[in-house]
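A.B. asks: Handing you this structure, nothing more for now.
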Amino acid sequence: MQVTQVSLRPTDDASAAGRPALTPELLAAVGARYSRSNDGLKAILAKIDPENSDKSVDAIFKFVDYGHASIADMVPVALFLDDISMWLAYLLFALSPTAGGQESSTRYIQLDESGLLNPAELGITDVSGWRARMDAALGAYNEALAFWEGVAEREPERVRIPENTPPKAAARMRRNFAFDRARYFLPVAMKTNAMLVQSARAWVSVCQHLLSSPLLEARRCGEAIRGELGLAAPRLLKHARPVPSLERGLKRELEATRERAERVVWADGEHAPTAHLAVFAPEGLDPVGDLEFHDNRYGYIGEGLRRTAVRFSWDAVAFAEIRDLNRHRTGTKFCPPCPVGFYSAGRDSRVGDDASRAARAALSAGDSSFVYELLLGSQLYFEHTTTADKFLYEAELRTGLGAHYRYAQHLKDSLALWYEKYPETRDLILEGSAEPE
């Protein structure tokens, strides 16, 4: 695992135009000074010693409490995290609802056993059993990849490549088709890379959560983030520490997931997903009027739909799709990591069933490292609470050009429930058909 803080520097044009360049903490300090002065930026910058930014920060924070959350929100920090598990990447995005970021994609990269994390780094106790299950999963991944590559060559109509597509683009579409269907056998313990950009305040919150986690990998990552955060916002490090209330709360969540595993019936193979949708609309909602000017997924949506609360969920979503759905940053997500089935894109699911059953057994025993038994095809409950405009944006995005076939179907199922409530909006919502790109 490697965590690296990357600083920003001014562009050549900004320097030539004489625009100021400040360290992350000094930027926050100058912004904070606005609350105690109406002199304007030039007057504040005139009091700064350009040769001693730390002294300038301290001088301003004599008057403004740096511990105040609104100040820490003005300290931008970009971190790149190499060689973390797919599970930890999911957790980081779940804990970072205000971040922008990216993660290495399984639809463009072929993975092999060299990408599997060392079980000692994950706190795995049954090393030989775990390794055997992971090797079996990777073997199934390679078999599935070869199978779907053959399908893409023999049955090009299934790939839906548009006519006159250049050869290189067509080859990429065939690879994506195969990767998308083989990836369900990949372990969540595979290495991935992720980068996130968010405020120092948000990173402190992430640190507190990770350092309070029962997961060994999460705690190691929290320490690494804390070290890099000290380069950009050293005055916030006193807040980046384990929090007793979080430690207790995360233990309670683990126990709640264990109890859930005792209640939820396991389905051999795929658990057929069912979509659910709850809408809480304001009085007098006019959805047709709110969508009148909606000409693309970024287009205008009226205030009625922006005020409408929506909770949508599926009782069985493969973790592969959860990784993508989780990165929609608005609202609150709920995803207890109790496997209920295994989706294998039509291939033999026994390998996935074995891994998911092992995860449930470890969960029942109270072993927090049970999550590293999961594969990308392990199905979990997933719920997202947001507002109607954000729900419709996600539905349009995740059914549109280049959308993965599986989450496109999940969003289509949710839209079908929306149309039951508001049939007059069917032709106003820009639902796509997951065209390849």
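A.B. asks: List the GluC sites (Glu not before Pro) within the range 110-190 that DSSP assigns to loop and that have no more than 14 neighbouring Cβ atoms inside 10 Å. Could the numbers behind the result be given before it?
C.D. replies: Values: sites: Glu113, Glu121, Glu143, Glu149, Glu153, Glu157, Glu163; in loops: Glu163.
Filter output for the range 110-190: Glu163.
A.B. asks: Figure the gain on full extension for Glu292 and Ala272 (residue separation times 0.36 nm, minus the Cα-Cα span) and round it to one decimal in nm.
C.D. replies: Length gained, Glu292 through Ala272: 3.6 nm.
A.B. asks: When you have a sec, figure out the Kirkwood radius of the range 226-357 from all distinct Cα pair distances and drop it here in Å to one decimal?
C.D. replies: Values: mean 1/r = 0.0519 Å⁻¹.
Its Kirkwood hydrodynamic radius stands at 19.3 Å.
A.B. asks: Still on this structure: In 10 Å bins starting at 0, how do the alpha-carbon pair distances of the range 387-437 split up by percent?
C.D. replies: So the P(r) values, bin by bin, are 29, 57, 14, 0.
A.B. asks: Let me ask you something else. Given the peptides 364-377, 411-424, arrange them by the average over their residues of other C-beta atoms within 10 Å, most packed first. Working shown, then result.
C.D. replies: Numbers: 364-377: 22.5, 411-424: 16.4.
For the peptides 364-377, 411-424, the packing ranking is 364-377, 411-424.
A.B. asks: Tell me, what is the Rg over Rh of the range 254-305, with Rh the Kirkwood radius over Cα pairs? Before the final figure, lay out each step's value.
C.D. replies: On the way: Rg = 19.7 Å, Rh = 15.4 Å.
Rg divided by Rh gives 1.28.
A.B. asks: Identify which of the listed values of volume of the Cα convex hull per residue in Å³ was calculated from the structure shown: (i) 155; (ii) 190; (iii) 143.
C.D. replies: Label (ii) holds the value from this structure.
A.B. asks: What's the magnitude of the charge dipole for the range 247-303 around its Cα centre, counting Lys and Arg as +1 and Asp and Glu as -1 at the beta-carbon? Answer in Debye, nearest 20.
C.D. replies: Working: 7 positive and 13 negative charges, 103 e Å.
Once rounded to the nearest 20, the dipole reads 500 debye.
A.B. asks: OK, next. With θ set to phi - 60°, apply the Karplus curve 6.51 cos²θ - 1.76 cosθ + 1.60 along the range 276-282 and write out the HN-Hα couplings as whole Hz, x wherever there is a Gly or Pro.
C.D. replies: Going residue by residue, I get 9, 9, 10, 10, 10, 9, x Hz, with x marking Gly and Pro.
A.B. asks: Something else about it: Would you mind checking which residues have amide H under 5 Å from Leu116's amide H? H placed 1.01 Å from N; only 5 or more apart, or other chain.
C.D. replies: Amide H to amide H, under 5 Å and 5 or more residues apart or across chains, Leu116 pairs with Lys191.
A.B. asks: What is the helix-to-structure angle for 388-397, meaning the angle in degrees between its Cα long axis and the longest Cα principal axis of the chain, kept from 0 to 90 and rounded to the nearest 10?
C.D. replies: Taking the Cα atoms of the chain, the angle to 388-397 is about 60 degrees.
A.B. asks: For the range 300-341, take every pair of Cα atoms, bin their distances at 10 Å starting from 0, and report each bin as a whole percent.
C.D. replies: Pair shares across the bins are 20, 47, 23, 10.
A.B. asks: At 1.4 Å probe size, with every protein chain present, just tell me what the per residue accessible area of the chain comes to in Å².
C.D. replies: Values: 20570 Å² over 437 residues.
Roughly 47 Å² per residue, with all protein chains present.
A.B. asks: Dipole of the range 296-335, Cα-centred, from +1 at each Lys and Arg C-beta and -1 at each Asp and Glu C-beta, to the nearest 20 debye?
C.D. replies: The dipole of the range 296-335 has a size of about 200 debye.
A.B. asks: Another one. With the calculation restricted to Cα positions, what are the radius of gyration and Dmax of the range 283-381 in angstrom?
C.D. replies: Computed over the Cα atoms of the range 283-381, radius of gyration and Dmax are 18.9, 54 Å.
A.B. asks: If you don't mind, there's one more thing I want to ask. Can you tell me which of Leu45, Leu277, Leu122 moves the most in a GNM of the chain? Springs connect C-alpha atoms under 10 Å apart.
C.D. replies: Leu45
A.B. asks: Which value does Rg/Rh take for the range 170-307 over its C-alpha atoms, Rh per Kirkwood? All intermediate terms of the calculation are to be shown ahead of the outcome.
C.D. replies: Working: Rg = 22.2 Å, Rh = 20.5 Å.
So for the range 170-307, dividing Rg by the Kirkwood Rh gives 1.08.
A.B. asks: Could you tell me what percent of the accessible area of the chain is made up of carbon and sulfur, with a 1.4 Å probe and every protein chain present?
C.D. replies: On the way: 10330 of 20570 Å².
Heavy-atom surface of the chain belonging to carbon and sulfur, 1.4 Å probe: 50 percent.
A.B. asks: Related question: Would you work out the charge dipole size for the chain about its Cα centre, treating the Cβ of every Lys and Arg as +1 and the Cβ of every Asp and Glu as -1, and quote it to the nearest 20 debye?
C.D. replies: Working: 52 positive and 60 negative charges, 214 e Å.
Roughly 1020 debye, rounded to the nearest 20.
A.B. asks: Related question: Rounded to the nearest 0.05, what FRET efficiency is calculated for Glu155 and Phe334 with R0 set to 45 Å and r the Cβ-Cβ distance? Please list the in-between numbers first.
C.D. replies: Values: r = 39 Å, r/R0 = 0.86.
My answer for the efficiency is 0.70.
The values are calculated or read from the model by the stated rules, or taken from the named source; none is laboratory data. A quick note: this is a predicted structure, and the numbers were derived from the prediction, not measured. Reconstructed Cβ throughout: ideal geometry from the backbone, glycine too, with neighbour counts over all protein chains shown. The accessibility values were calculated without ligands, DNA or RNA, using every heavy atom of the protein model including side chains. Shrake-Rupley method; radii C 1.70, N 1.55, O 1.52, S 1.80 Å.
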